[in-house]
Every structure is written in C-alpha cells, then in structure tokens.
Amino acid sequence: MTTVLDVETAPIREPGYRPRQLTVTRRETGEIILQNPAPLPPVPKTLLQPLAHWAETAPDRLWLAERQGEDWRRLTYQDGWQSVQAVAQGLLDQGLLDRGLSKNDGVLSLSANSLAHAQMIMGTMAAGGAICPVTPQYGRHQAGFGKLKSAYDRLKPKWIFLEDGEGYAAALAHLGHPAERTVAVHRPQPGQVAFVDLLATRPTDAVSKATSQIDHDTPAKYLLTSGSTGQPKVVINTHGNLCTNGTQIRAVFADDQPITMVNALPWSHSLGGNAVFHMLITQGGSLYIDHGKPTPEGFGETVRNLKDIAPTYHLAVPAAFALLADALEQDDDLARNFFKDMKILQYGGASLGEDVYRRIQAVAVRHTGERITFAAGYGATETAPTVCNVHWPNDRMGMLGSPVPGTTLKLLPVAGKYELRVKGPQVTPGYVGDPEATKAAFDDEGFYKLGDAVTFVDPDHPDEGLKFAGRLSEDFKLQTGTWVSAGALRVGVVSALDGLARDVIVCGENQADVGVLIYPHYDRLRALCGAHDVTHPAVQQQVIQALQSYNAHKPPAQRVGRVMVLDAAPDAACGEITDKGYLNQAIARDRHGDVIAHLYAPDSPCWRVPAEK
C-alpha cells in the first residue's frame, strides 16, 4: 500500500457512525429549538443491568485492568460482577439495619481511579445506595478541607471509602466521621473496615432484593460541581439519567464492537466517571486504568501504557493531547501502536487547538495513510454529562456537535450568539439539599440553563453543528461597554500561537483593550531561542506576529492589545488547573491579580500588539 503523506487530502478512517438527524424549529421570539428525533434503543433499568448482562454473555471479556509494575492486574466481566455483589453484601452486613444502605443513602469516596474504586462504586449501587466520588486532592492538607467539608455537610454520607486510611486520616478527623463507618483499601486505621473483607463476603438474596428496588428515579451518584465561584454544589445523577445517557451515546454508533480504552480521566468528574466509566460498561468495552497525568511530569506513565495497549477509542482533555502530540512525533513505536487499531479520537473539557490537531494527524497519516476523526462531546455534571457530540467524521476543531438522540436544545439569542439550554432524560432532578439552586437552574419551560454561549458552525446549515462561544460567566466588558467572549478568544489565541502556549489567561475587564497572560510551552521556548527565556527577542517577535495575524479583521473586543509571558506553570493545587486538565479562568485571573494590574499599569513592560494599519 502506498502511504498518503498529504494530511489535507488523506482519507478519514471510517469509525461507524449512524446518519445524522436534526429537526429545527424557529420561534417568533428568535429562539431556536433543536431536537434529535432518532429513536433510542431500550434503556436499562439500572446501571447494574449492563454489568450483569456482559458477565453472563461475555464472562471472560476484560472489564478493567490496572497496572502493577510491569504487568496488568485484570478483572473480567464475570469476576467483576461477582466482586461487586460481594462488596454490596459486605456493606449491607456491616452494622445491621441502622448502618446498612438503602435508597438515597450516600457513600463519599476519596480515591484515585482503581479496580477497588470501581468495585466500590458499583457495589454501593448494588446495595441500593448512591456514591459521591470526590476529587482526591480535597482530602489533602494543601486543599484546606473546605470543599470536602462543604460536600460532607450537604450529603451527610453513611459511609466513607478511602484509598488510603492513613493518608486521609487528617481529613477524616476534620470531618468528625466515625472510623467504624469507614472503608479503607490500604492501611486501614483502628476501627475501619478493610476493603479486602468486603470482597471476601459471600453474596445472599439481600443483594438482589436491594437491586430490585432500584428504578430510574433512584440516585446512583452524587457529583460535585467545580466550585470555581464558591463551594461546590452536589449534583444528583439518577440511574435513569446515567442509563439513558449511556444509551444515547451508544445510539449514534453503527459499530457494536466493544471498544478498548486507556484512560486517565478522573472518576470524580462527569467526563471520566460517567462518559467513560458507565458508557464503556453499557457498550461492554474494556478499560485500562491510566495513572498518568496531563502534565509534563506525569505524562510518561500514559506513554508507557499506550505503548503497551493499543486502544480503539481515545478520550482526553486538550492538555493531554498536546503532550501526546510531542510523544507521537518523537517515538515511532508509540505512534505505530497507538494508531494501529484506533477508530476515534475525542477531546472534552475544552477546545482542542488546530496546531495540536494538525500535528497528531500528520503522524497518523505518516503511519497509516489515513486521518483519524476527532470527535468532541459537550455537556455538564448536571447532564450526566453528554448533551451534544460530533457524531460524524470531521476535521474541524472547536465544535460541540448536535444533540444526542432524545435531547432538546433551546437557543436564546444574546449579543450575536446564543445562550444554550437543554431538556432531556439525562438532565439532573437537582442539587442535594439546595432547593433554591435547583429552582434557579431551570427556566419556566423546564430547560436546564447550562450557562454557555454557542453559535452555528454554518447558520445556513444547522446540521453542521454548534460551536462553543464561551462561558457567559467568564465574559466581561471593556471600558467601551463592549462584551469580550473570553472562552472563544482563549481558544483562538492558543491556536494562533501554534504550540508556544500551554494556555492563556484572558483579561481586561473595565480596561481599554484585551490582554493575555501566556503560560509557555517550555520545550517550544527552547526550540525557538535555545534557552528557557520568556523575554527573549525571538519569543517576543513570534508572539507579536502571531497575535497580529490573529487580530486581523476582527472587531476591537476580539483583538489582543497587550501580552505578558509568565515564567511559571499553572498551579493545580490551588484549583487553577482542574484535575480534568483545563484552566479555570476565574481562579487564574484571581491568582494573578497583581500581574494583571502590572499588565495595565501606565509604565507596564508588557509587549504591545500593534493595531492594524
């Protein structure tokens, strides 16, 4: 076979999507209603049904694997279902009736992704309860325990599940949670239940009785919102929400072959915990748990795993794809294994830059002669999470796609774009213990208010999908009173800088022009000027030229007028980088308030971007 080397004309590998369907209704008010009328396949009654189904029909198929040294510890669907029932029975046995689980009871978990955590998640549900996986860093000293305590007080969990009994001892003491209602995998402390003892429990009819009482309205998970503007809210995800959303995602695929994933997205967030974990079970796929991180220091583990396992579907945040592009360009063995069986690449959490897309496709074409379609999904913790996805072969970045089957979108015109709202069976019934926030989250027609702005990729052809136009809460006004769409501007600037920026902070509220602070990609710095020097003239020249090109023919509120390059990395410990790997603009602006003040000072040393001639 002759390898096609022209990335622009290389064919796209066909991933097996079903035909697109979309109905469009335009109201006299200017609102637009979008619906996907495609019928849904049968929706499971509970999240446990797919697991039990695959345990019976494909008992020896791999469900989960976790790296142990050079080897993988593997769990088949049959063994996984048996262990889940054992955990459920162990929970029901502990402490008799007053401490068993029943409908709506909660378990709070502090754990990284692991086999034990998966067994606890599904075991809690099999016992009739709901689990709340919390970002593990909330249980560490540097986090201050504030967000953890807020969630604990709101949820009032019956049990806490710990990855490490000793490592989270201070958090447990701060919460005042009793040891005897705590399960620990490693180093259980006095009075705590050892997870290995739950696994050793023999299931009885009590488990099937508890499972039989679950219906679509039964809470399955409680997930925390990001808490970027205050304490996190606790979102209810019911069995109906999650079962429907897994079915909605599966419904757009024509290929029923089980997928293989190597994935690191945390289960404390909806993207990893629902879109990956539960979607994969619904489809009967195999998940290799990746303990890598989307950081230069932590990505080596991801590379090691991807050289060992050939995935068919890869979902990651843009920060991880940027690191993957570097690794693929430098390692032919990795590239060959990664693209060998790959059907779909998908990003989520933020938009992927065109520069990263082009670099990855260039490697794919060099090794396979084909491009791999980049899908994208969109949603929120409150929507389980998928509202839209790009369910057709494409080569355009920044899209949200179209609604998945069974979903209705309402678009409200605002300042040249649309506010996006959604209604569907995947949408949460509300927040735990917060009726006011629940009421405020929905409009008078029952649509959930996502808080994001969108535009059409092609207004004359709505079936080409939607694209992201920023968080409404992140937008701000210049001195002129003109709105700045910070989210859309960030994506455009990062792409224009063509790999020099890891990310940018967009600022300029009540100022005369827009400014950006650049987090540099240090490898690109060294390639450009031979040194780790953010003030080097070669760096300045490339940044100014890139931003001049970006500014060309744009209105003033979309042009960058001044810029500074930060000699630092985003700080994940303070929440600037979420554990999904994207930059929280509000926290980043607050953390760099003094730098922003310096950026706009009369004698600022910032680089100015010349205006158009």
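The values are calculated or read from the model by the stated rules, or taken from the named source; none is laboratory data. Predicted model, so just to flag it, every value in this text is computed and none were measured. Because the Cβ atoms are built from the backbone with ideal geometry, glycine has one as well, and the counts that use them run over all protein chains shown. For accessibility, only protein heavy atoms count, side chains too; no ligands or nucleic acids. Shrake-Rupley method; radii C 1.70, N 1.55, O 1.52, S 1.80 Å.
How much of the accessible area of segment 172-225, probe 1.4 Å, is carbon plus sulfur, in whole percent?
The computed percentage sits at 52.
P(r) of segment 366-434 in 5 Å steps, Cα pairs, percent per bin?
4, 14, 19, 19, 17, 12, 6, 4, 3, 1, 1
Gln558 to Asp215: FRET efficiency via 1/(1 + (r/R0)^6), r the Cβ-Cβ distance, R0 45 Å, to the nearest 0.05?
Details: r = 49 Å, r/R0 = 1.09.
Result of the calculation: an efficiency of 0.35.
Check the straight Cα-Cα distances from Lys233 and name the lysines below 23 Å, setting aside those fewer than 8 residues away within the same chain.
Once the sequence-local lysines are set aside, what remains near Lys233 is Lys103, Lys147, Lys149, Lys156, Lys158, Lys221, Lys423, Lys439, Lys449, Lys580.
Which net charge results when you count Lys and Arg as +1 and Asp and Glu as -1 among the other residues whose beta-carbon is under 12 Å from that of Arg20?
Values: positive: Arg18; negative: Asp463, Glu464.
Here the charged neighbours net out to -1.
For segment 407-473, take the convex hull of the Cα atoms, compute a quarter of its surface area, and give me that in nm², please.
Numbers: hull surface 21.2 nm².
Its Cα hull, projected and averaged over all orientations, spans 5.3 nm².
Taking K and R as +1 and D and E as -1, what net charge do the other residues with C-beta under 10 Å from the C-beta of Ser485 add up to?
Working: positive: Lys417, Arg471, Arg490; negative: Glu474, Asp475.
Here the count lands on +1.
Please tell me the relative contact order of the chain in percent, rounded to the nearest whole number, where contacts are Cα pairs under 8 Å and at least six residues apart.
Values: 1315 pairs, mean separation 81.0, N = 613.
For the chain, the relative contact order is 13 percent.
Please compute the length gained on full extension between Glu28 and Thr535, using 0.36 nm multiplied by the number of residues separating them and subtracting their Cα-Cα distance.
So the chain would gain 177.1 nm between Glu28 and Thr535.
Take the alpha-carbon centre of segment 416-468, take the same for segment 329-387, and report the distance between them in whole Å.
About 26 Å separates the Cα centre of segment 416-468 from the one of segment 329-387.
Going 7 Å from the Cα of Glu8 in the Cα-to-Cβ direction, what parts of segment 352-371 have a backbone nitrogen less than 19 Å from that spot?
Under 19 Å, as judged by backbone N against the label point of Glu8, lie 354-366, 369-371 of segment 352-371.
Assuming 0.36 nm per residue, please report the length gained on full extension of the stretch Gln82 to Ala173 beyond their Cα-Cα distance. Each step should come with its number before you reach the end.
On the way: separation 91, 0.36 × 91 = 32.76 nm, distance 3.33 nm.
That pair, Gln82 and Ala173, stretches by 29.4 nm at full extension.
With Kirkwood's inverse mean 1/r over C-alpha pairs for Rh, give me the Rg to Rh ratio of segment 186-246, two decimals please. Let's see the in-between values first.
On the way: Rg = 16.8 Å, Rh = 15.0 Å.
The Rg/Rh ratio comes out at 1.12.
How are the C-alpha pair distances of segment 139-256 spread across 10 Å bins, as whole percents from the shortest bin up?
For segment 139-256, the binned pair fractions read 11, 28, 33, 22, 5, 0 percent.
Quick check: convex hull over the Cα atoms of the chain, volume per residue in Å³, rounded to an integer?
Working: hull volume 101.6 nm³, N = 613.
Taking only Cα atoms, the chain has a hull volume of 166 Å³ per residue.
Mean 1/r over all different Cα pairs, inverted: what Kirkwood radius does segment 319-423 give, in Å?
15.3 Å
Output the 0 to 90 degree angle, nearest 10, between the alpha-carbon long axis of helix 354-368 and the longest principal axis computed from the alpha carbons of the chain.
70 degrees
Report the extension gain between Glu56 and Asp331 in nm, rounded to one decimal, defined as 0.36 nm multiplied by the number of residues separating them, less their alpha carbon distance.
On the way: separation 275, 0.36 × 275 = 99.00 nm, distance 4.04 nm.
Full-extension gain reported as 95.0 nm.
Probe radius 1.4 Å, ligands and nucleic acids left out: which of Arg67, Arg26 has the largest accessible area, and how do the rest follow? If you can, show how the numbers build up before the last one.
On the way: Arg67 30, Arg26 140 Å².
Ranked list, largest accessible area first: Arg26, Arg67.
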